[in-house]
1. Determine, for each peptide in 91-98, 214-221, the mean count of other beta carbons within 10 angstrom over its residues, then list the peptides with the highest first.
2. Separation of segment 361-384 and segment 268-291 by C-alpha centroid, Å?
3. Can you work out the base-10 log of I(q)/I(0) for segment 266-381 at q = 0.20, 0.21 1/Å, using the Debye formula on its C-alpha atoms alone?
4. How big is the C-alpha Rg of segment 34-93 next to the rule-of-thumb value 2.2 N^0.38 Å, as a ratio?
5. Can you give me the Kirkwood hydrodynamic radius for segment 310-372, using every pair of distinct Cα atoms, in Å to one decimal?
6. Considering amide H positions built from the backbone, and no H for Pro or chain starts, which residues 5 or more places from residue 271, or on another chain, come under 5 Å of its amide H?
7. Mind putting a number on the dipole of segment 298-384 about its Cα centre? Charges go on the C-beta only, +1 for Lys and Arg and -1 for Asp and Glu, and I need it in Debye to the nearest 20.
8. Filter the cross-link list 85/177; 91/168; 75/192 down to pairs whose alpha-carbon distance in this structure exceeds 20 Å.
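Coordinate-derived values only; no laboratory data. If you're wondering where the values come from, they're calculated on a predicted model, not measured in any experiment. Every residue, glycine among them, receives a Cβ derived from its backbone with ideal geometry; neighbour counts consider all protein chains shown.
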Amino acid sequence: MYRAPKGVLAIVLSISVLTCSMTVQATSSTLDKINKATQQKNQTKQQLNQKKDQIDNLQDTKEGLKNELSSFNAKLTEVSDNLEKLESEIKDKNQEITETQAALDEAKETEQTQYETMKKRIKFMYERGDSAYLDMVLSSASFGEFLNKTEYVNKVSAYDRKMLEQYKETKELIDEKEKDLQEEASELADMKAQVEEKQKEVQSLVATTSNNITGYSNQISAAEQEALLYEQQMAAQEANIAALKKQYEQELAMSKLSAASAKRDISQVTFSETDRQMLATIIYCEAGGEPYAGKLAVGAVVINRVLSSVYPDTVTGVIYQRKQFSPVGSGRFDLALANGTATSSCYQAADEAMAGNTNVGNCVYFRTPIEGLTGISIGGHIFY
């Protein structure tokens, strides 16, 4: 059984009151959670803004592609119209070629007939010689008959010359017409090939652009889903921050209540060996690596709570109070207690704290330092 020397307690308390505020602030874990939750919310907000910027950029790109697609479709329509017109011209030209070919075939038959006729006449003249016409003229019975026969011979000769000229003209016309038709057909075929190639090129651009638009649409959809998740996450984080702030206000009210409430004198408390072991173990878990002053300060916080009317009135109740000491919540405290890992300096600090000695006055909280938190700094903790 351990009791505090009253003289020592009075001296230490009078000194500590000057350094530790009597208005006890909210728990460090709650402030930690608020700061962490706020940081996470700000990070989520930044991610959401970045995602919205990404969506805007994707939308701009998509709109640009839509304009390109519209232009390509217009170009494709123009090319298709040209191809349709060209195909109509080719059809007309093929019809013209067919008709011309029929005319050429007829001309070739005429040519062949003329050629055969001329061959016969030439053969006749060759076989009979030039005297045939002369004999025919000289055999005239009268001058009138002579004139008639002479005129006949002249007409035959003129006809032969005319037929020869017509044959030559027909031959030249056939050759020229065939050449022109072949050139025109070749030009039309080349034009059709070029238009078809251009059509394929534009169709490829249309397909590629359409695929790109689909890809950007999918990216936008995915980005919008991510943005929605960020918005939902922000809403949850804001709700969590609101809950933590409410908890903070409740703890702050409790801290103020503790500071204003009645406190038992250390002489009114009886500690057991189990209390001693538990206090030494929580000191070990919270300040095992701290200097001795830090170990004593942790022990004093536990005892200050035991003495306060707003906290449990036993060491066990204080240590196991819900969400107060993180080693208890993690199970590390129970493991250390079972293994008896508390050091002798931890037991020494526990004994001194149970004797009523405190180097942190009436402080009932401690934590690692954070911005804006004031109190008594000992080792790696601030006590308040």
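1. 214-221, 91-98
2. Cα centroid to Cα centroid, the span is 19 Å.
3. Here the Debye-derived log intensity ratios amount to -1.08, -1.20.
4. For segment 34-93, the normalised Cα radius of gyration is 2.45.
5. Taking the inverse mean of 1/r over all distinct Cα pairs, segment 310-372 comes out at 13.8 Å.
6. Result for residue 271 returns 2.
7. Values: 5 positive and 5 negative charges, 52 e Å.
Roughly 240 debye for segment 298-384.
8. Correct reply: 85/177; 91/168.
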